[in-house]
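Structure first, commentary second.
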Amino acid sequence: MADKSGQTFALPKKSNMLDELFTTQEQRDDLKREKVTDIPLSEIDPFPDHPFRVKQDESMTAMAESVKAVGIQSPAIVRRKESGRYELVSGHRRKMACEIAGLDSLPCIVRELTRDEAIIAMVDANLQREVILPSEKAKSYKMRYEAMKRQAGRPSKENLSPVGTNLRSDEELAQMSGDSRNQIHRFIRLTELIPEVLTLVDEGKIAMRPAVELSYLPTEAQESLLEAIESEDCTPNHAQAIKMRKFAEEGRLGEDVILSIMQEEKPNQAEQFKIPRERISKFFAPGTPAERIQEIIVKALEYYKQREFHRGERQRDAAR
């Protein structure tokens, strides 16, 4: 629009004018703040490939009782999906607690997040947990690391650093998490383990260093290793894992080689009494775990010992 002198100027937008006339600054600031909204549980979907387990254990039961008594004190974070439903970014335990408590909705903050922004927010929120399993760290580090690399983009020829940051993605993740770059990459390697072997890492039966070496074994070799672990009732140490990886890289790691390595006596290993599985397999259903077989054998021996003791007493009484 032009004034009498012929100079042009822009009129403020109508909506801005109305805002200025009919709202206070406090009200306008309040509109910019994040709002907490009660969203029906039926409209909230879990985060895809959520790496953190949500268990219905004693802790969850206590949380549900607290929710039933005082409600949710910290709102969950969700993002709106194209379908109109919501995707849970942070608050999977709170959602389960609401379900157990019989509530129909969950207090949420709706944020506009891209897929990678949502991944980073989800991982950051859950890494604050007191107890995190190695498998959870492995999967979450991998998801966040890949999201950060996608966000950084490809570096230009003039600047070898990722766009928008002076740090490599793994260095930035190390500063955020407290784990070193090398340790982060060790955790990410664990995602190459088959689920059954990764579970043994979570249970503390396979240590971190041998687990990383085993992650380089092909899937078929890992499955053969799992069978050897069950039959020999032991897990590989670091030296054995290194040896298996070397044989695998040379293309010589077959079932017989894995079994031979697993049967090696480890330093400081207590002497073990072993029974060939084929001699006792007829007494157990197929697929019975080695621990269950051992438990049954020990109970049978205890029963045998008691029976022999009572038989000896009867013989002594008869001889008197």
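The values are calculated or read from the model by the stated rules, or taken from the named source; none is laboratory data. Note that the coordinates shown come from a computational prediction; the quantities given were computed from them, not determined experimentally. We place every Cβ from the backbone using ideal geometry, glycine too, and count neighbours over all the protein chains shown.
For the reader, a short list of remarks on this structure follows.
- From the options Asp202, Asp256, residue that is touching a residue at least 40 places away in the same chain (Cβ under 8 Å), surrounded by fewer than 20 Cβ atoms within 10 Å (Cβ to Cβ) and more than 18 Å from Tyr145 (Cβ to Cβ): Asp202
- Filtered residues of the range 77-96 (kept if in contact with a strand residue (DSSP E or B) (Cβ under 9 Å, 6 or more places away or on another chain) and in a helix (DSSP H, G or I)): His92, Arg94, Lys95
- Enumeration of residues in the range 186-217 that are in a loop (DSSP other than H, G, I, E, B) and at negative phi: Leu193, Ile194, Glu203, Lys205, Ile206, Ala207, Ser215, Tyr216, Leu217
- Taken over the range 57-115, the criterion of being surrounded by 14 or more Cβ atoms within 10 Å (Cβ to Cβ), among the charged types (D, E, K, R) and under 17 Å from Ala125 (Cβ atoms) is satisfied by Arg79, Glu87, Arg93, Arg94, Lys95, Arg111.
- For the range 286-320, residues that are within 30 Å of Glu196 (Cβ to Cβ) and either at pLDDT 75 or above or among the aliphatic types (A, V, I, L, M) (or both) total 12.
- Within the range 239-255, being in a helix (DSSP H, G or I) and either over 19 Å from Ala138 (Cβ atoms) or modelled with pLDDT under 95 (or both) holds for Ala239, Gln240, Ile242, Lys243, Met244, Lys246, Phe247, Ala248, Glu249, Glu255.
- Conditions (1) of a type outside the set (A, V, I, L, M); (2) in a helix (DSSP H, G or I); (3) in contact with a strand residue (DSSP E or B) (Cβ under 9 Å, 6 or more places away or on another chain): number failed by Lys137: (3)
- Taking the range 282-306 as the range and being within 35 Å of the chain's Cα centre (by Cα) and of a type in the set (D, E, K, R) as the test, the residues that pass are Glu291, Arg292, Glu295.
- Top-ranked residue of the range 125-149 - restricted to ones that are aliphatic (A, V, I, L, M) and in contact with a Leu (Cβ under 8 Å, 6 or more places away or on another chain), ranked as surrounded by the most Cβ atoms within 10 Å (Cβ to Cβ): Ala138
- Only one of the numbered conditions (1) part of a helix (DSSP H, G or I); (2) under 21 Å from Arg144 (Cβ atoms) is not met by Ser59, and that is (2).
- The set of residues in the range 168-185 being exposed (fewer than 14 other Cβ atoms within 10 Å of the Cβ) and assigned to a loop (DSSP other than H, G, I, E, B) consists of Gly178, Ser180.
- Within the range 207-238, the residues that satisfy the criterion of being in contact with a Ser or Thr (Cβ under 9 Å, 6 or more places away or on another chain) and either modelled with pLDDT under 95 or among the small types (Gly, Ala, Ser) (or both) are Ala207, Ser215, Ile229.
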